[in-house]
1. So how many residues does segment 1-24 have that are under 14 Å from the mean Cα position of the chain (by Cα) and among the basic types (Lys, Arg)?
2. I need every pair where a residue in segment 1-22 that is in contact (Cβ under 8 Å) with a residue 60 or more places away in the chain has its Cβ under 7 Å from the Cβ of a residue that is assigned to a loop (DSSP other than H, G, I, E, B), sequence separation at least 6 or different chains.
3. Please determine whether any residue of segment 96-104 is surrounded by fewer than 18 Cβ atoms within 10 Å (Cβ to Cβ), touching a residue at least 12 places away in the same chain (Cβ under 8 Å) and of a type in the set (A, V, I, L, M).
4. Which one of Ala28, Ala38 is touching a Ser or Thr at 6+ places or on another chain (Cβ under 6 Å) and either free of Cβ contacts under 8 Å to residues at least 24 places away in the same chain or crowded, with 18+ Cβ neighbours inside 10 Å (or both)?
5. For segment 54-88, give me each residue that is surrounded by 10 or more Cβ atoms within 10 Å (Cβ to Cβ) and at positive phi.
6. If I filter segment 1-25 down to residues being of a type in the set (D, E, K, R), surrounded by 14 or more Cβ atoms within 10 Å (Cβ to Cβ) and under 16 Å from Ala109 (Cα atoms), which single residue comes out as modelled with the highest pLDDT?
7. For segment 30-43, check the following and say yes or no: at least one residue is within 10 Å of the chain's Cα centre (by Cα), in a strand (DSSP E or B), more than 20 Å from Glu110 (Cα to Cα) and of a type outside the set (Val, Ile, Thr).
8. Enumerate the pairs (first residue in segment 60-84 and within 21 Å of His45 (Cβ to Cβ); second residue anywhere and of a type in the set (Asp, Glu)) with beta-carbon separation below 6 Å, excluding pairs fewer than 6 apart on the same chain, so at least 6 apart or on different chains.
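The values are calculated or read from the model by the stated rules, or taken from the named source; none is laboratory data. Computed from a predicted structure; not experimentally measured. Positions of Cβ are backbone-derived with ideal geometry, glycine not excepted, and every protein chain shown enters the neighbour counts.
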Amino acid sequence: MAKHVVARVGEIPDGGRKLVVVKGRPIALFRQGEEFFAIANRCPHLGGPLIEGTRVALVTSSCPGRYETSRAGEILRCPWHAWEFDLRTGRSVTDPARFGARRFPTEVAEAKALSVETFPVSVADRVVLVEL
């Protein structure tokens, strides 16, 4: 798989998002602290734009009437029909064995450490890479 520079680290704030297109594929890129997550910008249910989804916490229940939340901001809810996906895996929260949004590996690298065809430029920041 080839790696593609899609953003500078500093251009996406913590909790932020950015729609990028790599080789014609729209990809939703999300930042959570120092981590970046990339998933296809298409809900597998009916094609809703996941970049417009709400980020929520994971809600679990050990028994009726008792609810716990964890992993704030790591669950993405589709804006069309509220299907939820784990940003870490792309899998559906309710039925992970059957449904998921395609996830792409991400990496943060020093721009000067990249091994690509080069042209004279000035880079003073880290960038986010998406692997296809």
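1. 2
2. Met1/Leu132; Ala2/Leu132; His4/Leu132; Arg8/Asp125; Val9/Asp125; Gly10/Asp125; Val22/Leu132
3. Checking segment 96-104: not a single residue is surrounded by fewer than 18 Cβ atoms within 10 Å (Cβ to Cβ), touching a residue at least 12 places away in the same chain (Cβ under 8 Å) and of a type in the set (A, V, I, L, M).
4. Numbers: Ala28 fails: touching a Ser or Thr at 6+ places or on another chain (Cβ under 6 Å).
Just one listed residue meets the conditions, Ala38.
5. Filtering segment 54-88 for residues surrounded by 10 or more Cβ atoms within 10 Å (Cβ to Cβ) gives 54-60, 67-88.
Arg71, Gly73, Ala82, listed by residue number.
6. Checked segment 1-25; the qualifying residue modelled with the highest pLDDT is Arg8.
7. yes
8. Within 6 Å, the pairs are Ile75/Glu84; Arg77/Glu84; Pro79/Glu52.
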